[in-house]
Amino acid sequence: MKRQLEIAALGVAAAGWLAAVLTRCLALWTVSGTLDNQTASLPAYWDGVWLQWDHWDLAHDGSLHCSFYQSLMSLSGSFRTWRALIMAAIGVGGFAMVVGGVGLVWFPQRGQIKVFSGSFFIVAGILLLVPTAWTCHHTSQPLEGAVPLRRDWGPALYLGWISFALMLVGGLRKSQFSRKYVK
């Protein structure tokens, strides 16, 4: 029973890590547009950490344009920090998954390896939480301009919160089960 619970905890944490990879890949972190979305001349913008999408209304031409950011120097410091933290979270989570898998297969009686893997999943979750929460806060701030614009959370932010929760729960469970049985 203990082994099945450890495998389940590793599976939950690994699902969180995969969700973190998807969060990094999605370009839908924030969605900006007009307040009423009735103006056909103004597009809706979908901003991500790596890409920017311009979606014009169907009344215009219905096209969707995607572009990478041309220069890292043109991005704000917080934006560059978000990118670094997301990549660090994916790297730490991948390392935790490898250590957890190796520990489960070759060292099933070594609780220290399981605690180490669980704690790294927790660190990866916190590393992903920082840019996700920071972006949510940044998105909720009012926009100023001649045209009343509105920003909303994109699907990637929701996936980031889910990823954080899965990695945290999986890492805590993995560490808790292991410490209970360490002699």
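Observations on the model:
- For V130, the test of being open to solvent by 40 Å² or more (accessible area, probe 1.4 Å), modelled with pLDDT of 75 or more, of a type in the set (A, V, I, L, M, F, W, C) and assigned to a helix (DSSP H, G or I) is passed.
- Restricting segment 76-114 to residues that are of a type in the set (G, A, S) and free of Cβ contacts under 8 Å to residues at least 40 places away in the same chain, the residue that is least open to solvent (accessible area, probe 1.4 Å): G103
The values are calculated or read from the model by the stated rules, or taken from the named source; none is laboratory data. Not measured: the values here are computed from a predicted model. As a convention, Cβ positions derive from the backbone with ideal geometry for all residues, glycine included, and neighbour counts pool all protein chains shown. In case anyone asks, the SASA skips ligands and DNA or RNA and just uses the protein heavy atoms, side chains included. Shrake-Rupley method; radii C 1.70, N 1.55, O 1.52, S 1.80 Å.
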